[in-house]
1. Looking at (1) closer than 25 Å to Ser40 by Cα; (2) away from ligand 1 (no atom under 13 Å from the Cβ); (3) of a type outside the set (S, T, N, Q); (4) surrounded by 18 or more Cβ atoms within 10 Å (Cβ to Cβ), can you tell me which one Asp123 breaks?
2. Only one of these conditions is not met by Asn34: (1) in contact with a strand residue (DSSP E or B) (Cβ under 8 Å, 6 or more places away or on another chain); (2) free of Cβ contacts under 8 Å to residues at least 60 places away in the same chain. Which number is it?
3. Give me the pairs, please: first residue somewhere in the range 121-140 and within 15 Å of Leu233 (Cβ to Cβ), second residue anywhere and of a type in the set (Lys, Arg) and modelled with pLDDT of 95 or more, beta-carbon distance under 9 Å, and either six or more positions apart or on two chains.
4. Would you please list the contacts, defined by Cβ atoms under 6 Å and residues six or more apart or on different chains, that run from a residue in the range 168-193 that is assigned to a helix (DSSP H, G or I) to a residue that is modelled with pLDDT of 95 or more and within 12 Å of ligand 1 (Cβ to nearest atom)?
5. Across the range 63-103, which residue is farthest from ligand 1 (Cβ to nearest atom) among those that are among the β-branched types (Val, Ile, Thr) and touching an Asp or Glu at 6+ places or on another chain (Cβ under 7 Å)?
6. Just one of Ser433, Ser403, Ser378 is among the hydroxyl-bearing types (Ser, Thr, Tyr), in contact (Cβ under 8 Å) with a residue 24 or more places away in the chain and either over 27 Å from Lys312 (Cβ atoms) or buried (at least 19 other Cβ atoms within 10 Å of the Cβ) (or both); which is it?
7. Counting residues that are of a type in the set (Val, Ile, Thr) and either within 19 Å of the chain's Cα centre (by Cα) or over 26 Å from Phe136 (Cβ atoms) (or both), which helices (runs of 4 or more DSSP H) fully inside the range 44-116 reach at least 1?
8. If a residue must be assigned to a strand (DSSP E or B) and within 8 Å of ligand 1 (Cβ to nearest atom), how many such residues does the range 135-162 contain?
Amino acid sequence: MVVRDEGPPLPLFTRILPINVDDIGTFAFSKPNNFLEPWSLQPSASPSAFNLLEATDALRTTLHPVAFPTETVYGLGANALSSHAVRGIYAAKQRPSDNPLIVHIASLDQLRALLDPADNGSDPIPQIYLPLIKRFWPGPLSILLPNPKRSTLAPEVTASQPTFAARMPSSKLALALIKLSGLPLAAPSANASTKPSPTTAQHVAHDLEGRIEIILDGGPCAIGVESTVVDGLSSPPCILRPGGVGIEQIRACPSWEDVVVGYQDRKLEDEEAARAPGMKYKHYSPAAKVVLADAGVGWEVVQCSIGEAVRKGQRSFGVMRTKRWEAVEGSEVSNGIHEINGVKLEFPIEGLGGELPYDVRHIKARSGEQEYDVWDLSIGPSVKDVARDLFSALRELDLRGVSTVFVEGIEDEGETAAAVMNRLRKAATESLSASM
Ligand code: TXA
Ligand code: MG
């Protein structure tokens, strides 16, 4: 594994700059609310606009990457045209340098400028992508494009691939940042490499405090899982990563009826994974062990597993419920000092992300003579809710130091369900199936 260790001396002083997207300025469109046609932004004199401009200045004039929200997850952005700037991303995240980055753009012309002009003067964006762009951009979809021989992109963006990935995010804050910086921004998710992706500014700070200077805080991300990555250059076209746009939605577009699934859900063995850049690396891994129960596995099965773990000496567990599992029974722990795993902790523990959209219940439960602690989170029942809160819930449970998290899986059908189960299967080291 190649990890870059160049970059500025650490620690840096990290600031979280709040932005209210409604205050940043006036958007002007050539077609109402249509970011695919030419548009502009006149920044206001508000504190939010001031913070945004400070970030665009940093992107233009320094080598420090800037963390910013998108509708999927928080990204860590840098000038995609500068090798030094892009190396700063790899250094801050400790990301292996052979895992390519997605280039974020705010207009189709900004994308065209990165492509070879077409011979006959037609659109340099490959035809096959036009139905997807029309339907899903701006939004949670990344497309693979041919990287020109004399590409202006920094080679670090593509990690020596003949292609680069691009996406136009729908977050107005992200679009404004790209637009006002005037730069295509290379941006991976803003987590420390291997950790779950961040969906709040506080998650980013938790991972990257002291390693970056600016985190723009636009509140929690609406979607919660990363973009769908598609390759329309191969035949048949292929989905490289499930994400915010569902596979069925892509299949419904002209020229995409035969799209194939080109990703694996399991944790991959090294040599088979080498086909897909970046896929061989550990992903979405909290410190706790994750046990994923298939949709339909009853709560009794989990209780048995917990009982067994208690007999082996484990004393604190997380339970992430989605659709059917009932709330964990036991006595709710009141505020105050409590001893867990021999460590005295004060409750309530402050959450990472400020106000959480789900409840975190702390319960004392019992197996035979033995008491143990359970943190019970309900993040369902809709697929949208599960996707939005998945990474956040894994992070919250890590904060509470649980040794094992039991997750109630969902059916692999529709919307972002495939993305949810893909991330969970990669995070999990064990599974519970109905046939056990
Ligand atoms: O929603 C998202 O996509 C977020 C936000 C910040 O936009 N970004 C994100 O980036 O998830 P990252 O780096 O965590 O994931 C990028 C994915 C990786 O799986 C990488 O292997 C794939 O895109 N990728 C990028 N360029 C590629 C290329 N040229 N060929 C194949 N896969 C590529
Ligand atoms: Mg990532």
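1. Asp123 satisfies all of (1) closer than 25 Å to Ser40 by Cα; (2) away from ligand 1 (no atom under 13 Å from the Cβ); (3) of a type outside the set (S, T, N, Q); (4) surrounded by 18 or more Cβ atoms within 10 Å (Cβ to Cβ) except (4).
2. Here Asn34 meets the rest and fails (1).
3. Pairs that qualify, where the first residue is within 15 Å of Leu233 (Cβ to Cβ) and the partner is of a type in the set (Lys, Arg) and modelled with pLDDT of 95 or more, are Pro124/Arg112; Ile125/Arg112.
4. Correct list of pairs: Leu173/Pro69; Ala174/Phe68; Ala174/Thr70; Leu177/Phe68; Ile178/His104; Ile178/Leu185.
5. Val86
6. Ser378
7. Filter on the range 44-116 gives 47-61, 83-93.
8. 2
The values are calculated or read from the model by the stated rules, or taken from the named source; none is laboratory data. This is a predicted model, so every value here is computed, not measured. Please note: Cβ atoms are built from the backbone with ideal geometry, for glycine as well, and neighbour counts cover all protein chains shown.
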